[in-house]
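A.B. asks: Sharing a structure here in structure tokens format.
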Amino acid sequence: ADFFAADAYPTIRFASTRITPKGNDVYSVEGDLTIRDVTKRVVLPVTHLGTAKDPWGNTRVGFALTGDIDREAFGLT
């Protein structure tokens, strides 16, 4: 309860608003991150890992995303 308060806030949401190519399969993804009903705009670097067909013929795409956020900005103290 002191940190995420998962019983009261069971979901963390990210909604992208802009994707900007940076070159070499790297993108900048901007969007709204909501934690504990606090929404902040964040920009995160994303790397495209590849595209493949699954056993049923559907196209699957893989990405890796890492980043840092200011937890105190979301009330996580």
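The values are calculated or read from the model by the stated rules, or taken from the named source; none is laboratory data. This one's a predicted model, so the numbers in the text were calculated from it and none came from an experiment. Cβ coordinates were reconstructed from backbone atoms using ideal geometry, including for glycine residues, and neighbour counts include every protein chain displayed. Ligands, DNA and RNA are excluded from the accessible area calculation, which covers all protein heavy atoms including side chains. Shrake-Rupley method; radii C 1.70, N 1.55, O 1.52, S 1.80 Å.
A.B. asks: About its Cα centre, how strong a charge dipole does the chain have in debye, to the nearest 20, once Lys and Arg get +1 and Asp and Glu get -1 at the Cβ?
C.D. replies: With only Lys, Arg, Asp and Glu charged at Cβ, the dipole is about 340 debye.
A.B. asks: For the chain, state what percent of all Cα-Cα pairs lands in each successive 5 Å bin, counting from 0 Å until the bin that includes the largest distance.
C.D. replies: For the chain, the pair-distance distribution reads 3, 13, 18, 18, 15, 13, 10, 6, 2, 0.
A.B. asks: Also: Can you tell me the order of 2-12, 23-33 when each peptide is scored by its average per-residue count of other Cβ atoms within 10 angstrom, highest first?
C.D. replies: Working: 2-12: 10.4, 23-33: 13.4.
The most tightly packed comes first, giving 23-33, 2-12.
A.B. asks: Distance between Cα centroids, the range 46-77 to the range 25-42: provide it in whole Å.
C.D. replies: That distance is 12 Å.
A.B. asks: Can you work out the accessible area per residue across the chain, with the rest of the protein chains kept in place, probe 1.4 Å, in square angstrom?
C.D. replies: On a per-residue basis, the chain sits at 76 Å².
A.B. asks: Keeping all protein chains in the complex and leaving out DNA, RNA and ligands, what accessible area do you get for THR66 with a 1.4 Å probe, in Å² to the nearest 10?
C.D. replies: Approximately 100 Å² for this residue.
A.B. asks: Find which of ALA5, LEU49, VAL29 sits farthest along the positive direction of the dipole of the chain, computed with +1 on the beta-carbon of Lys and Arg, -1 on that of Asp and Glu, about the Cα centre.
C.D. replies: The one lying farthest along the dipole's positive direction is LEU49.
A.B. asks: What net charge is computed for the residues neighbouring PRO10, neighbours being all others with C-beta under 12 Å from the C-beta of PRO10, Lys and Arg scored +1, Asp and Glu -1?
C.D. replies: Residues close to PRO10 contribute a combined charge of 0.
A.B. asks: Please report, as a whole percent, how much of the solvent-accessible surface of the range 14-57 comes from carbon and sulfur atoms (probe radius 1.4 Å).
C.D. replies: Of the solvent-accessible surface of the range 14-57, carbon and sulfur hold 52 percent.
A.B. asks: Using Cα pairs under 8 angstrom and six or more residues apart, how large is the relative contact order of the chain, in percent?
C.D. replies: After rounding, I find 25 percent.
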